[in-house]
Amino acid sequence: MIDNRTELAPAQSRLTLRVNGAACEIAAPPSTRLLQVIREFIGLTGTKRSCEIGRCGACMVLVDGEPVNACLAMAYQVQGAEITTIEGIASGTELHPVQRAFLEEGGFQCGYCTPGMVLSVKALLDRSPDPSDEEVEEALSGNLCRCTGYGGIRRAVRRAIELGR
Amino acid sequence: MLLDRQGSGRRWRIRPDGPGKVTGGLAYLTDMAAPGMLIGLVLRSPHPHALILDIRTENAKRVPGVRAVLTHEDVPGLNAFGIARQDQPVFCFDRVRYVGDAVAAVAADTLEAAERALSLIEVDYAEQPVLDSPEKALAEGAPLLHPCGNELHRTDYRLGDPEQWFKACTVIVEETYVTPRQMHTYMETEGGLFVPEPDGRLTVYSPTQHGFMDRLQLSRVLGRPQSDIRVVSSPIGGSFGGKDELNVQPYGALLALAAGKPVKIHNSRKESVRAGLKRHPMVISMKTGADAEGRILAHRVKIVADTGPYATLGAEVLNFATEHVIGPYRIPNVDVDSVSVYTNNGMSGEFRGFGGNQAIFALEGQIDRIAGRLGIDPWELRRRNMRQPDDPGPLGQPIAPTEGAAQVWQALAESPLWRERSQGVPEDDREREHWIKTGIGAAYIMHGAGLGVGIPDPAGGRLVLAEDGKIEAVFGYEEFGQGLIATLELMMMETFGFEAEDVRIVIGDTDVVPDSGSSTASRATSMLWKSVQNMKGPFTESLLSAAADLTGNPADQLRLGPGGVYAMPEPDAASGNDAGSMLLSYAELASRTTEPIRAETAFHFPTTSSKRIGAHFLYTYSAVAAKVEVDTLTGRVRLLDQYHAVAAGPVMNPQGYLGQIEGGSSMALGWTLTEEALMAGGRYLTNNLDTYLIPTVAEHAGNVAVRPIEELPEGDAYGPRGIGEIGSVGLAPAIAAAVRDAVGVWVRKLPIDPRELQDIPHFARKAVLQHDR
């Protein structure tokens, strides 16, 4: 963990939250963005930084199960929350079915959007295991991919739906 | 047969880099960190054009936690960079020429300290007139942006006598095509980690498409031998040409060496937009004439490209566009004049398609207009003008002959999508709302690969049996998502009979790989294939002869297989035990042999014998059909269906091939409908992805059918042709033709302006008329 900011945090700003099931207590100012908390304070770099205005979805995480752009959430807003990042959805070495589907269908190229994309798909299928094409489009419209043209991603989503049946 | 997972069978494989990507475990170079690292920031010009009168850094240096503040005075070597021409200052000293120009850089313990220091650097500027268009830059009396003037490059091509032959034409079409400033929009912005090593060397962890080119350029800037610099350049979160040129590397390197500590830089999206490369905006005027049968007799073209403040590969892009405005057609009289102009707009440079996109959009627009004027089917018109296999290339140069042009033409003619067009509007389309119109269009392309005549274009690689028994395939190529590692792994398995676990791919580190040339210009897969072909014999022989020494079996009775060396099955036992038995694993072979087992190859990308700079020898051919829906109330275009026939030789990796065509066409869709990095007065109006709109999953509702044509002429020595760019060049003209088919409007400017396609409703038209009166 590389922590360049801890010393700037006032002693009273303790952020407590759970990340991938583990309790974390972090000395972060309340206005620190969740993206920084995850990448820099906790050192989990699967959550990616890209547009930083909530448009691209590269930093998508689940906050209490709901997809949230980590660049738009501040530390005080996730006090006590359960955060799931891409590192937290496999069970041990067993990949999550959505991860498996992306692997098998080639639903990625450079892979930089993939963590956020996988989490958005997971959140969708948790809520709606057999979504229509329109629901898929709606759920993934906040996740930009520049490499694939979304062909592999659509196939991966279909495969993930099958795997979930 | 269409390309998909089912039809690919066992050749559809899980990518070796896949698990790290779907689990988030793969560390990109911008994810890296080092103990005690500093944060680096670059101060960029607030003005598109200004003289620098003074730079004062004293206050910035006094900020607690600041370890280095650098300006032009702190560049030990050449204060300039550029792959082809070093005209871009690392730090500006007398003048800034665009809003991305760097004036100073800071490294500090924290981001906050670095930001504070950056804000305290004082620069006195005297603003200058902003040359925000090629017209202004070429106007008489315009200030000169460079000592050589405001023309980066001018080129032409002439054949026959177009002036004379226009007189013989039945139809002449004149049109001016305008294309936008497109952003690569790789999801990972530029950045990296720069580490001064205890032995005095510098390690650069930063994405690029050619590690050795970065090393050469950094060696010039730093004034150090190349051997003192190690460039680690993969994995990369997308590039598309955009990370080919240096970006943050000079600043990271200089700051790390000045501070004596590791420095991390990771551009914000806004800074990436401001400083980074874009596709050249071009204005292409064409006059094209044909006889009554549709045979093109004369073709005159003028290209004006806005290259922005510095060269990078602007001249090479212009050469490429000049070659590709002629296309896969026999045109006896041609006259092309092209100029690439320095301006105070954003940087233009290398971008997937490399000037072919703009050229082909314009050329195919002409072909469709001629067909429309003559009442000839547009695809038939293409057949009448189609090049033949032994014809010279577009610039009259000898090229590798293939049947590609005819093959893709035929495939498209037989495609369901094109047949749908000739059969008229199907039932389901008639049921749409009456303001929704559908149309189908097509485009026909040849696209060159490799860097072309006159540019060093080395290739090669190395195969080694490593000490631990792994077969190492060592190449100087980069993985930016295209699937190069997966392709190479499959190639090694299919060429030698290895299994995936036997092979270790080593790329992207100048300390260990040979210079295989750049991963650009649709060249890497072709060059991997050629390298592996070159090494197949010698490497197999050296493995088998070492195994023969150790086992006592004659080498010609041995063969390579999964996991190790096998005895050839007895001829009469072939039916029973086809696999033979493994005599020696690769690990045993490695530990017991005394001789190093390796093979190496080095060669040059195949070029034409012509002396014409930039002319290509290897081409990929493609035919693209698109079906669109136009809402005439809003003017919005939706892509419903696409068909791509691609003649590029054998498919090396089905998943990668499909991904390149699908992904390339997605970039073309954005370029056609929504993407434009808008500028006004030399400043970006679109600064992030809220206003710069790349396609989302919702824009990709339609089917994408990809039909690879793998057959090559007998004796063809060049193998698989490039497919990295071809998917990105044909869709725009196909959509433009489909829009014309749907609503009767000829598109000449991209992205398509919905206002041009809006049909004013009858009642509103009446109101307007009354109002006018």
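What follows draws every value from the coordinates through simple rules; no lab data is involved. Keep in mind it's a predicted model, so treat the numbers as computed, not measured. Here Cβ is always computed from backbone atoms with ideal geometry, including for glycine, and neighbour counts include all displayed protein chains.
Points worth noting:
- Helical segments meeting 30 Å axial Cα length and Kyte-Doolittle -1.0 threshold in chain B (DSSP H): B:524-551
- Near B:GLY664, once Lys and Arg are set to +1 and Asp and Glu to -1 for all other residues with Cβ below 9 Å from its Cβ, the sum equals -1.
- Listing B:THR593, B:THR30, A:THR16 from fewest to most neighbouring C-beta atoms within 10 Å gives A:THR16, B:THR593, B:THR30.
- When you filter the trypsin sites (Lys or Arg not before Pro) in the range B:619-665 for DSSP loop state and at most 10 other Cβ atoms inside 10 Å of their Cβ, nothing is left.
- Difference of contour (0.36 nm per residue) and Cα-Cα distance, B:PHE603 to B:GLU58: 191.0 nm
- In this simple spin-label model, placing a label point 7 Å from the Cα along the Cα-to-Cβ direction at both A:LEU163 and A:GLN79 gives a separation of 3.8 nm.
- Cross-link table A:LYS48/B:LYS627; B:LYS243/B:LYS437; A:LYS48/B:LYS749; B:LYS302/B:LYS611; B:LYS287/B:LYS611, entries beyond 31 Å C-alpha to C-alpha: A:LYS48/B:LYS627; B:LYS243/B:LYS437; A:LYS48/B:LYS749
- Here the range B:637-718 is treated with +1 on each Lys and Arg Cβ and -1 on each Asp and Glu Cβ, and its dipole about the Cα centre works out to around 320 debye.
- Label positions at B:ALA168 and A:SER141, each projected 7 Å from the Cα along the C-beta direction, are separated by 5.6 nm.
- Remark: the range B:248-356 projects, on average over all directions, an area of 8.9 nm² (convex hull of Cα atoms).
- A P(r) calculated from all alpha carbon pairs of the range B:85-209, with 10 Å bins opening at zero, reads 7, 21, 28, 22, 12, 6, 4, 0 percent.
- Cβ-defined net charge surrounding B:ALA546, 15 Å radius [Lys, Arg +1; Asp, Glu -1]: -3
- Checking every one of the trypsin sites (Lys or Arg not before Pro) in the range B:58-152 against DSSP loop status and a limit of 14 other Cβ atoms within 10 Å picks out B:ARG62.
- Estimated vicinal HN-Hα couplings, Hz - the range B:715-727 in sequence order (Karplus 6.51, -1.76, 1.60; Gly, Pro = x): x, 4, 9, 9, x, x, 8, x, 10, x, 10, 4, x
- Burial order of peptide ranges B:210-219, B:293-302 (average beta-carbon count within 10 Å, highest first): B:210-219, B:293-302
- Per-selection metrics, the protein assembly as shown (Cα): Rg and Dmax in Å: 28.4, 103
- Residues B:ASP511 and B:SER585, FRET efficiency given R0 of 22 Å [Cβ-Cβ distance, rounded to 0.05]: 0.15
- Cβ-Cβ distance of B:ALA466 and B:ALA717, R₀ of 22 Å, FRET efficiency by 1/(1 + (r/R0)^6): the value works out to about 0.15.
- Share of Cα-Cα pairs in chain A lying beyond 29 Å, as whole percent: 19
- In the range A:56-165, GluC sites (Glu not before Pro) in a DSSP loop with at most 10 other beta-carbon atoms within 10 Å: none
- Cα-centre dipole for the range B:33-172 with unit charges at Cβ (Lys and Arg positive, Asp and Glu negative), debye to 20: 280
- Taking the helices alone, chain B has a mean residue ellipticity at 222 nm of -8500 deg cm²/dmol, built from -39,500 (n - 2.57) per DSSP H run of at least 4 residues and averaged over all its residues.
- Taken residue by residue and averaged, Cβ atoms of other chains lying within 10 Å of the Cβ of B:321-328 number 0.
- Point-to-point label distance, B:ALA680-B:ALA500, nm (Cα→Cβ direction, 7 Å offset): 5.2
- For the pair B:GLU151 and B:THR691 in one chain, pulling the backbone fully straight at 0.36 nm per residue adds 191.3 nm over the alpha carbon distance.
- Dipole of the protein assembly as shown computed with +1 at Lys/Arg Cβ and -1 at Asp/Glu Cβ about the Cα centre; of B:ALA80, B:THR176, B:ALA27, farthest Cα towards the positive end is B:THR176.
- Diffusion constant of the range B:458-604 at 25 °C, which comes from Stokes-Einstein with the Kirkwood Cα-pair radius and 0.890 mPa s, µm²/s: 155
- In this entry, chain B is assigned a mean projected area of 38.9 nm², taken as a quarter of its C-alpha convex hull surface.
- For the range B:627-705, the antiparallel share of DSSP beta bridges with both residues in that region comes to about 70%.
- Percent of Cα pairs exceeding the 18 Å cut-off, where the set is the range A:97-164: 22
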